[in-house]
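These notes concern the structure reproduced below.
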Amino acid sequence: MDSSAADPSTGIVRRPSVCPHDCPSTCALDVEVTGGQRIGRIHGAEDQRYTAGVVCAKVARYAERIHHPDRLTRPLLRVGPKGSGQFKPIDWNEALDRVAERFLDVERRCGAEAVWPYFYAGTMGLVMRDGIERLTHAKRYSRFFGTICVGAAWPGYAAGAGRISGVSPSEMAKSDVIVIWGTNAVATQVNLMTHATRARKERGATIVAIDIYDTETMRQADLALRLRPGADGALACAVMHVLFRDGLADRDYMARYADAPDALEAHLETRTPQWASAITGLSVAAIEEFASLVGRHKRTFFRLGYGFSRQRNGAANMHAALCVPTVSGAWAHEGGGALHSNSGCFKLDKTMIEGLDARDPSVRRLDQSRVGAVLGGDAEALKGGGPVKAMLIQNTNPLAVAPDQEKVRRGFAREDLFVCVHEQFLTDTARTADVVLPATMFLEHDDLYTGGGHQYLQFAPRAIDPPEGCRSNHEVVVALAERLGARHPGFAMSPRQLIDWTLRASGRGTLAELEAGRWLDCAPPFAQAHFLDGFAHADGKFHFRADWPATPYANDGLKGPWREMPSLPDHWPVNEAADDEHPFKLAISPARNFLNSTFTETATSRARERRPTAMMHPDDLAALGLADGDLARLGNGRGEVRLHVRAFAGVSRGLIVSEGVWPPSAFLDGRGINTLTGDDSVAPFGGAAFHDTRVWARAG
Ligand SMILES: Nc1nc2c(c(=O)[nH]1)N[C@H]1C(S)=C(S)[C@@H](COP(=O)(O)OP(=O)(O)OC[C@H]3O[C@@H](n4cnc5c(=O)[nH]c(N)nc54)[C@H](O)[C@@H]3O)O[C@H]1N2
Ligand SMILES: Nc1nc2c(c(=O)[nH]1)N[C@H]1C(S)=C(S)[C@@H](COP(=O)(O)OP(=O)(O)OC[C@H]3O[C@@H](n4cnc5c(=O)[nH]c(N)nc54)[C@H](O)[C@@H]3O)O[C@H]1N2
Ligand code: SF4
Ligand SMILES: [Mo]
C-alpha cells in the first residue's frame with residue numbers, strides 16, 4: 001500500500017481511494033497514477049475484506065470518465081432559450097456572483113423558502129454530498145427530503161427491526177443458504193457475488209435469487225424464483241405458512257424476540273403456497289422448495305435489495321420478507337439473519353458537515369421525488385407555501401432519473417425559475433440550467449465514506465489535481481455562503497478539518513488515524529448485529545405487526561395510501577395493475593455498465609449497453625407484429641417513449657424490462673424512460689415506484 005514509491009519500470013504509483021458512487025459496495029480502491037496527474041487502471045483493495053480485490057468493470061476503467069474530453073472545465077452562462085444548450089463560458093467569480101445575486105433577489109422578493117437546494121448521491125462522500133445542507137439550514141432555504149432511493153425500503157425494514165442495520169456480510173462465509181432477494185447483485189453490487197459464490201465453493205452454500213426476470217444474478221443462482229412484480233409479500237407469507245405448518249418455525253425464538261407470533265400464525269393460515277402461486281406466478285413446488293430450504297437451514301442469510309421495494313407495495317413487501325428470518329429463527333445463528341443496509345451502524349455526528357445546529361424544523365421540506373410537482377406549483381407538493389424560484393443542484397440528474405418526466409421538463413422550462421447546476425458533464429439537467437459550474441471528481445478531492453453493504457468507514461485522500469477550472473462541491477458551497485451572508489463555522493473549515501471534527505465528535509478517532517489505517521471496521525458486536533440484545537423498538541421485539549405511522553424513520557409525514565397498508569405481512573394489491581388499455585407492466589432495472597445515469601457519457605459503457613431497449617417475451621412481440629430489433633412506442637397517461645425492442649424469453653409474458661436510465665437524448669424522440677413512471681407518493685412516507693408502471697406497447 002505504499003503510496004509514495006513509484007514502480008521504477010513503469011513510473012506508476014498506487015494511491016488509496018474509495019469508490020464514491022451510489023452503490024452498496026463502496027469499494028476500497030488502489031488507483032494507478034502516472035506522472036502525478038493521470039489515472040491508470042483502478043483495482044479493488046486486496047486487504048479490505050469486503051472489497052477483496054474486486055471492483056466492477058465500469059470503475060476499473062475510470063480513466064475513461066475522469067480524463068473524458070467532454071468534461072466540464074469552465075463555468076457556463078446560458079445565452080439561448082432554456083434547454084437550448086447554448087452557453088458561453090464565463091469566469092468563476094462572475095458565475096458565483098450571478099448565482100448569489102439571483103438567490104438574494106429571490107429571497108428578498110419571495111422569502112428564503114423560494115430557494116431549494118437539490119442534491120443526491122452522485123458522490124456518496126459525506127463532505128461533498130451533504131455540505132449543501134449546511135447552506136440550506138444556514139439560509140433557511142426550503143429543506144430537501146430524499147426519497148428517490150430508500151423511501152420505501154427503509155421504512156419497510158425499520159417497521160420490523162426498528163433500525164436500519166443487519167448482519168455483517170462477512171458472515172456469508174458461514175451461511176448454508178444465501179437468498180439474494182430483489183437485487184441484481186452481478187450488476188449493482190458485484191462484491192456480494194464474490195462472497196456468495198465463495199460460500200458456495202467453500203461450504204456448499206445454496207444461492208437463491210428472487211427477481212422478476214432472468215438477470216445474470218438469477219442465472220448464477222442454484223434456485224431462481226422468477227415472480228410477478230410486486231408479489232414478494234405473497235411469497236414471504238407462503239414461506240412462513242410452510243414454516244409454521246411443517247414445524248420449522250422457531251417458536252422459542254419468537255416467544256422471546258417477536259411481538260405477535262400467534263396472531264401471525266393464525267393470519268397465515270390461509271396464505272398457502274397455492275394462494276401465493278396464483279399471485280406470484282411461481283409453482284407450488286418452487287415455493288415449497290424455497291420454504292423447506294429456509295426452514296431446514298437456520299444459517300440462511302437474507303440479502304434484501306432495493307429492487308423489490310420500488311413498487312407501490314414495496315415497504316409492505318420489505319417488511320414481509322424481513323419477517324421470514326424471524327419466523328425461522330435465523331437471526332440467532334452465525335451466518336443467518338438479514339442485511340439490507342448497514343448505514344445505521346456508523347452513528348456519525350454530522351452537525352458540522354450538515355449544519356444541523358442551524359436547522360429550523362419549521363422550514364418546509366420538499367420531496368425530492370416530487371420535483372416535477374413542486375416546480376409545477378402543486379399546492380400539496382409545495383406544502384401550502386409559495387413557488388420555488390431558484391435552485392442549486394449538485395450530484396444529481398433529475399431530468400433523467402426523476403419520475404414523471406413530462407412534469408419535470410415543464411417545471412425546469414419555467415422562465416421564472418433560476419437554476420444553477422454544478423456538474424462534471426453537460427447532463428440533461430445541466431443543459432436546462434442558467435448557470436453551469438464544473439465539478440471535481442472523487443480522485444481530485446478529499447472525502448469520508450460510509451458503506452451500505454458493509455460496515456467500513458473509509459477516507460479517500462485526493463489522488464491527483466483536478467483539471468484547471470473544476471471546483472469541488474465544498475468549494476462552491478463555501479464560496480456561495482460567503483456571497484450570501486450565510487454563517488456557520490463549517491464554512492471556514494477545509495474538507496479535512498470537517499472530517500477530523502466529525503470523527504472526533506463521533507468517537508471514531510481522528511483523521512490522522514483513519515488515514516493511516518485507510519478504513520475502520522464499525523461492525524457492531526455479534527449480539528447487537530443479530531438483535532440478540534433485542535430489536536430496536538421500545539419493547540425490544542421484532543414487529544410482525546407493523547405500526548406504520550410509528551415507524552422509526554426520519555420522515556416528513558405520512559404519504560400515499562398509508563391507511564390501507566397491512567399491519568401483519570400480506571399481499572397488498574395497491575400496485576398499478578395492467579388493464580385493457582395498458583396490457584403490460586414495465587420495470588426499469590439497472591444496466592450493468594451504467595450507474596443510474598452516470599457512465600452514460602463513457603463510450604465503452606454506452607457501447608456495451610448499445611441503446612435504449614425494451615426487452616419483451618417473443619410471444620408478446622409476435623402478438624404485436626413486432627420482431628427483435630424493431631422500433632416500438634411505449635406509453636400511458638403520462639406520456640410516451642420510442643425505443644427498440646429485444647426478444648427475450650427470460651422476461652415473462654405481460655412484462656417489459658428496460659435496463660438503465662439512459663439520457664432522454666439517447667431516445668429517438670428525446671423522451672426518456674422515466675416519462676412513463678409515476679410521481680405519486682409511495683406509502684408510508686413517500687418515494688417512487690420505478691418498477692411499477694403500466695404501459696401499452698405498439699409498433700412505431
Ligand atoms: N450497474 C449498476 N449498479 C448500480 C446501479 C445502477 O443503476 N447500475 N444503481 C445503484 C443504486 S442508486 C442503487 S439504490 C442500487 C440498487 O440496486 P438493487 O438493490 O439491485 O435494486 P434495483 O437496481 O432497483 O433492482 C434490482 C432488481 O430488482 C428487480 N425487481 C423489480 N421489481 C421487483 C419485484 O417486485 N420483486 C423482485 N423480487 N424483484 C424486483 C429488478 O428487475 C432488478 O433486477 O444499485 C446501485 N448500483
Ligand atoms: N427508471 C428508474 N429511475 C431511477 C432508478 C431506477 O431504478 N429506475 N433508480 C433511482 C435511484 S435508486 C436513484 S439513487 C436515483 C439516482 O439518481 P442520481 O442521484 O441523479 O444519480 P445519477 O444519475 O448517477 O447522477 C449523479 C450525477 O452526479 C454527478 N456527480 C458525481 N459526483 C459529483 C460531485 O462530486 N459533484 C457534483 N457537483 N456532481 C457530481 C454525476 O456526474 C451525475 O451526473 O435514480 C433513480 N431513478
Ligand atoms: S462495485 Fe460499486 S462501489 Fe465497487 S467500484 Fe463498482 S460502483 Fe464502485
Ligand atoms: Mo439508489
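If a residue must be more than 33 Å from the chain's Cα centre (by Cα) and open to solvent by less than 40 Å² (accessible area, probe 1.4 Å), how many such residues does segment 254-266 contain? Working first, answer last.
In the first step, residues of segment 254-266 are kept if they are more than 33 Å from the chain's Cα centre (by Cα); the result is 255-256, 262-263, 265-266.
Filter once more, so that each one left must be open to solvent by less than 40 Å² (accessible area, probe 1.4 Å): 263.
Result for segment 254-266: 1.
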Among the residues of segment 105-131, which ones are open to solvent by less than 20 Å² (accessible area, probe 1.4 Å) and either within 9 Å of ligand 2 (Cβ to nearest atom) or touching a Gly at 6+ places or on another chain (Cβ under 9 Å) (or both)? 114, 119, 121, 123, 125, 128, 131
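Out of the residues in segment 1-28 that are without any contact (Cβ under 8 Å) to a residue 60 or more places away in the chain and in a strand (DSSP E or B), which is farthest from ligand 2 (Cβ to nearest atom)? Before you say what the answer is, go through the steps one by one.
To start, the set of residues in segment 1-28 that are without any contact (Cβ under 8 Å) to a residue 60 or more places away in the chain comprises 2-14.
With the extra rule that they be in a strand (DSSP E or B), the set shrinks to 12-14.
Numbers: 12: 25, 13: 23, 14: 23 Å.
Checked segment 1-28; the qualifying residue farthest from ligand 2 (Cβ to nearest atom) is 12.
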Quickly run through segment 77-96 and pick out the residues that are loosely packed, with under 15 Cβ neighbours inside 10 Å, over 31 Å from the mean Cα position of the chain (by Cα) and assigned to a loop (DSSP other than H, G, I, E, B). 79, 80, 81, 86, 91
Checking residue 64 against (1) part of a helix (DSSP H, G or I); (2) in contact with a Phe, Trp or Tyr (Cβ under 6 Å, 6 or more places away or on another chain), only one condition comes out false. Which one? (2)
Considering 508, 496, 504, which residue is basic (Lys, Arg) and touching a residue at least 60 places away in the same chain (Cβ under 8 Å)? 508
Between residues in segment 401-424 that are within 23 Å of residue 438 (Cα to Cα) and touching a residue at least 60 places away in the same chain (Cβ under 8 Å) and residues that are open to solvent by 20 Å² or more (accessible area, probe 1.4 Å) and in a helix (DSSP H, G or I), which pairs lie under 7 Å by C-beta distance while being six or more apart or on different chains? 418/102
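Select from segment 140-155 the residues that are away from ligand 2 (no atom under 15 Å from the Cβ) and surrounded by 23 or more Cβ atoms within 10 Å (Cβ to Cβ) and write down the one among them that is nearest to residue 322 (Cα to Cα). Don't jump to the end; show me each part of the working.
Filtering segment 140-155 for residues away from ligand 2 (no atom under 15 Å from the Cβ) gives 140-143, 155.
Restricting the remaining residues to those that are surrounded by 23 or more Cβ atoms within 10 Å (Cβ to Cβ) gives 141-142, 155.
On the way: 141: 38, 142: 35, 155: 12 Å.
Taking the candidates together, the pick is 155.
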So which residues in segment 63-96 are farther than 20 Å from residue 476 by Cβ and among the small types (Gly, Ala, Ser), if there are any at all? 63, 80, 83, 84, 85
Does residue 61 count as within 29 Å of residue 307 (Cα to Cα) and more than 16 Å from ligand 4 (Cβ to nearest atom)? yes
For segment 306-320, pairs from a residue that is in a helix (DSSP H, G or I) and open to solvent by 10 Å² or more (accessible area, probe 1.4 Å) to a residue that is aromatic (Phe, Trp, Tyr) and modelled with pLDDT of 95 or more, with Cβ under 6 Å and 6 or more apart or across chains, are none
Considering only residues of segment 429-459 that are within 16 Å of ligand 1 (Cβ to nearest atom) and not β-branched (Val, Ile, Thr), which is surrounded by the most Cβ atoms within 10 Å (Cβ to Cβ)? 454
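The values are calculated or read from the model by the stated rules, or taken from the named source; none is laboratory data. Here the structure is a predicted model, which means the values were calculated and not measured. No Cβ is skipped: glycine too gets one built from the backbone with ideal geometry, and neighbour counts run over all protein chains shown. For accessibility, only protein heavy atoms count, side chains too; no ligands or nucleic acids. Shrake-Rupley method; radii C 1.70, N 1.55, O 1.52, S 1.80 Å.
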